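Throughout, read-outs are computed from the coordinates displayed, never taken from laboratory work. The shown structure was predicted, so the numbers you read here are calculated from the model rather than taken from an experiment. All Cβ positions, glycine included, derive from the backbone under ideal geometry; neighbour counts span all protein chains shown.
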Amino acid sequence: MKTISILILLTVFIGPMFPENKDFFFSSDRTSISLAKGNELTSLMGNAKISSEETKISADSIELFGDDFRFARCTGNVQVIDKKQGILITTENLFFDRKKEIMTISGYAEMVDQKNEIVVKGSYFENRGKENITIIQIGVRILKASENDSMICRSEYAKFNRDSEILELSGMPVVFWKDDEYKATRITINLDTDDIALEGEVSGTIRSTETEEESNE
């Protein structure tokens, strides 16, 4: 009877984090639930996992709290897999507001975006689900690989719009593309067409293919 009660409570509390018309699965080594008014808290501890058909979150521990348990705090070996968007995120701390659909990460994290073939690293992430925008800050590193070339981006701030596939870089941004180097106050990249726009204090280094060919002779 105790196991059935826990299952019902978790269905009520965790279910809204995922689409209501889709099933979800949860598991952990230990589970505790507090129903004290104003201090409602559900804790999944040890190999904590929550998953739906499209999204899977795993961590050492996951806490659900707030009005209608709108907040989720995940700590330790956090991994997020979003099958719909083709995204894999790994970090140590993650906070999620399911009402606003905002996910924040304070601390080093890596994101692999299979759809856009990019790897993103940084020390702060904010994913805004309703706007389909991801913001990355502090020591941003972005690698976009293709069959023939790779693009490497460095900056202190990056904003990625998934709808338009536009990546905006600021804070001493530098882009390395096809052996060329681009610097500016602000750099905008269309990840679909690989077009690069430079604004303010623009500089760059264009590597001559003729010089390279002569050096190889």
Surpassing 31 Å at the alpha-carbon level, of the pairs Lys37/Lys159; Lys37/Lys100; Lys115/Lys178; Lys84/Lys183, are Lys37/Lys159; Lys84/Lys183
Cβ-based charge dipole, segment 100-216, positive-most Cα from Ile166, Thr193, Ile102: Ile102
Exposure proxy order (Cβ contacts within 10 Å, fewest to most) of Phe25, Phe95: Phe25, Phe95
Please report Rg (one decimal) and Dmax (integer) in Å for the Cα set of segment 84-138. 10.7, 29
Tell me, what are the semi-axes, in whole angstrom and largest first, of the equivalent ellipsoid of segment 100-216 as set by the roots of 5 times the Cα gyration tensor eigenvalues? 28, 15, 13
What is the magnitude of the charge dipole of segment 100-216 about its Cα centre, with +1 placed on the Cβ of each Lys and Arg, -1 on the Cβ of each Asp and Glu, and no other charges, expressed in debye to the nearest 20? 800
Radius ratio Rg over Rh of segment 52-109, counting only Cα atoms, Kirkwood formula for Rh: 0.95
Relative contact order %, segment 97-217, counting alpha carbon pairs below 8 Å whose residues are six or more apart: 15
